[in-house]
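Working notes for the structure below.
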Amino acid sequence: MDERTRYEAVSSRDERFDGVFFFAVVTTGIYCRPSCPAVTPRRANVRFYPTAAAAQAGGFRACRRCRPDAVPGSAEWNVRADVVGRAMRLIGDGVVDREGVPGLAGRLGYSARQVQRQLNAELGAGPVALARAQRSHTARVLLQTTGLPVTEIAFAAGFASVRQFNDTIRRIYARTPSALRAEAGTGLGGGRGEGLRAGIPLRLAHRGPYATGAVFDLLGEQAVARVEELAGEPGRRTYRRTLRLPYGTGIAAVDEASPGPWLEARIHLTDLRDLTTAVQRLRRLFDLDADPYAVDEALAADPRLAPLVAARPGLRSPGAADPEEEAVRALAGRERAEELVERYGKVLDVPCGALTHVFPEPGVLAGAAAEPALRTLATALADGELRLDAGADREEAARTLATLPGVDGPTAALIRMRALGDPDVDPYGTPGAERWRPWRSYAVRHLETAARGAALRAEGGHPQISAPTQAPATSRQANSSTSTA
């Protein structure tokens with residue numbers, strides 16, 4: 001987009017571009033999302049930025065009306081496979097907070113100077129500024145949704161000191177942390193134990209329509225006992241699962257029903273420093289940073305897919321909350337995965353209902369699994385030969401998978417689709433799939449969902465069909481204080 005078309009999007013308050021870019025007004029010192037309901041400023045007073053961090057680096061603070069820091073993540077960074085896209089996914093996963101810029105650069109295979117230069121050139125901000133913007137948003141969520149002490153929130157959000165935390169919050173939001181908390185009007189004032197027991201309520205924002213039912217159907221059909229569960233009546237179900245995180249474990253619950261363009265969620269963590277990472281992994285699992293407008297427009301041009309797109313606008317291609325777990329499950333199958341959990345999974349310190357375990361780590365399976373193919377895959381994951389994290393190179397991962405005995409083409413493609421979040425994968429070799437590029441993963445999901453619906457109508461029940469065995473036949477704004485990008 002050039003500046004003229006960006007200004008047109010701002011003038012029409014087009015919510016499709018929320019998160020794609022941000023605009024700032026020099027006369028007010030405020031930056032906004034394109035759909036901000038405020039009076040459209042004069043063109044001469046507007047500046048455009050590719051990220052919230054870039055606007056903040058330019059000296060602008062977040063708008064209090066449209067909360068530009070809480071929009072869905074950019075679909076561009078979500079699907080790009082180059083170093084900038086990979087870096088953005090790693091920063092979202094909290095790598096800079098845990099490992100610093102050198103750790104980020106090491107994962108990408110570049111020098112810290114090269115990473116700094118490329119991010120500044122494309123995004124207008126370096127890795128430190130991008131991570132700081134994310135920490136600020138995490139802090140605001142904790143301030144306004146929990147009763148945790150401000151000092152604990154500072155460190156839980158990833159800040160190095162309380163002073164740094166206070167200074168950053170004042171600069172980005174033009175209020176003190178205490179004022180941000182008071183503005184929420186929740187009256188929260190409990191201690192650390194209360195906040196952890198209650199969990200952290202979140203609204204996981206997405207852009208455009210979202211075919212929630214089809215996504216929950218898929219997750220429920222593939223759920224592994226003790227690690228995942230789907231409960232409730234269709235339309236009002238809750239998906240729950242355990243999480244293995246850098247500092248501890250967690251349990252996430254996501255509701256199917258939602259009154260707005262978000263998914264209601266609640267996350268229980270043993271260590272609050274894992275909040276940012278947990279949120280980003282849920283976003284990848286539910287594919288919340290996709291651009292449904294671009295996907296639906298492209299797929300609807302095909303006569304075969306047009307009625308499917310019309311029936312389920314905004315259908316997503318779910319990713320994975322734990323890429324290594326997803327790879328093992330793709331190879332082992334659901335029943336064997338449940339056996340692995342029962343035998344080798346880590347038992348939660350405090351089980352929650354039917355959720356009792358965390359999926360076993362690759363290092364454990366590498367020395368214990370009976371099947372040679374499974375041991376080989378687990379070993380490759382454990383020693384870093386195969387990387388499936390948020391910043392992994394998809395082509396390099398595909399080449400490594402092709403060398404592993406027992407991992408055939410369809411299995412490797414499923415791993416690439418789910419674990420790596422690749423939007424352009426057809427695991428089944430569907431005839432004519434080339435014309436669906438670059439959204440073949442979404443086309444496959446449409447065909448699977450249609451086949452599932454046909455089976456449901458034919459059998460009069462809810463068929464248990466998983467992706468590996470069922471090949472296809474051939475906004476409103478989320479500007480609540482608890483929304484998170």
Report summary line: Per its Cα gyration tensor (rounded if a/c is under 1.5, else prolate when a/b beats b/c, else oblate), the stretch 9-58 is best filed as oblate
Query raised in the report: Do the sum for the chain: with -39,500 (n - 2.57) for every DSSP H run of n ≥ 4, divided by all residues, what is the mean residue ellipticity at 222 nm, to the nearest 500 deg cm²/dmol?
Result: -13500 deg cm²/dmol
Report task. Kindly provide the Kirkwood hydrodynamic radius of the stretch 296-350 in Å, to one decimal, from all pairs of distinct alpha carbon atoms. Result -> 14.4
Query raised in the report: In whole Hz, what ³J(HN,Hα) sequence does the stretch 143-152 give by Karplus (6.51, -1.76, 1.60; θ = phi - 60°), x for Gly and Pro?
Result: 4, 9, 10, 10, x, 5, x, 4, 4, 5
Report summary line: the stretch 68-175 -> Rg/Rh from Cα coords, Kirkwood Rh, value 0.99
Report summary line: For the stretch 303-311, Karplus-derived ³J(HN,Hα) couplings (6.51, -1.76, 1.60; θ = phi - 60°; whole Hz; x for glycine and proline) come out as x, 5, 8, 3, x, 5, 5, 5, 6
Report summary line: Cα-based Debye curve of the chain sampled at q = 0.12 Å⁻¹ gives log₁₀ I(q)/I(0) of -1.11
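How much area per residue is accessible in the chain when the probe is 1.4 Å and only protein heavy atoms are counted (Å²)?
Numbers: 19170 Å² over 485 residues.
Result: 40 Å² of accessible area for each residue.
Rounded to a whole number, what % of the accessible area of the chain do carbon and sulfur atoms account for, probe 1.4 Å?
Numbers: 9730 of 19170 Å².
Within the chain, the accessible surface is 51 percent carbon and sulfur.
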Query raised in the report: How high is the relative contact order of the stretch 298-389, in percent, counting Cα pairs under 8 Å that sit 6 or more residues apart?
Result: 20
Requested in this report: Using only alpha carbon pairs under 8 Å that are at least six residues apart, calculate the relative contact order of the stretch 208-366 and give it in whole percent.
Outcome: 26
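If you take the alpha carbon radius of gyration of the stretch 267-321 and divide it by 2.2 N^0.38 Å, what ratio comes out, to two decimals? Don't skip to the answer; put the middle values down first.
Values: Rg = 15.6 Å, N = 55, 2.2 N^0.38 = 10.1 Å.
Its radius of gyration relative to the 2.2 N^0.38 Å reference: 1.55.
May I ask for the equivalent-ellipsoid semi-axes of the stretch 252-411, computed as the square root of five times each C-alpha gyration tensor eigenvalue and listed largest first in whole Å?
On the way: eigenvalues 181, 111, 43 Å².
Equivalent-ellipsoid dimensions as semi-axes: 30, 24, 15 Å.
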**Report entry** For the chain, with +1 on Lys and Arg beta carbons and -1 on Asp and Glu, the positive-most of Cys352, Ala52, Pro313 along the dipole
**Finding:** Ala52
**Report entry** Given charges at Cβ of Lys, Arg, Asp, Glu: the stretch 201-275 dipole, positive-most of Pro234, Gln222, Leu272
**Finding:** Leu272
**Report entry** Lys, Arg +1 and Asp, Glu -1 on Cβ, resulting dipole of the chain about Cα centre, debye, nearest 20
**Finding:** 1840
Requested in this report: With a 4.7 Å Cβ cut-off, tell me which Cys residues in the chain come up empty for a partner.
Outcome: Cys352
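The values are calculated or read from the model by the stated rules, or taken from the named source; none is laboratory data. None of the values given here were measured: they were computed from a predicted structure. Here the Cβ is made from the backbone with ideal geometry for all residues, glycine too, and neighbour counts use every protein chain on show. Side chains included, ligands, DNA and RNA excluded: accessible areas come from the protein's heavy atoms. Shrake-Rupley method; radii C 1.70, N 1.55, O 1.52, S 1.80 Å.
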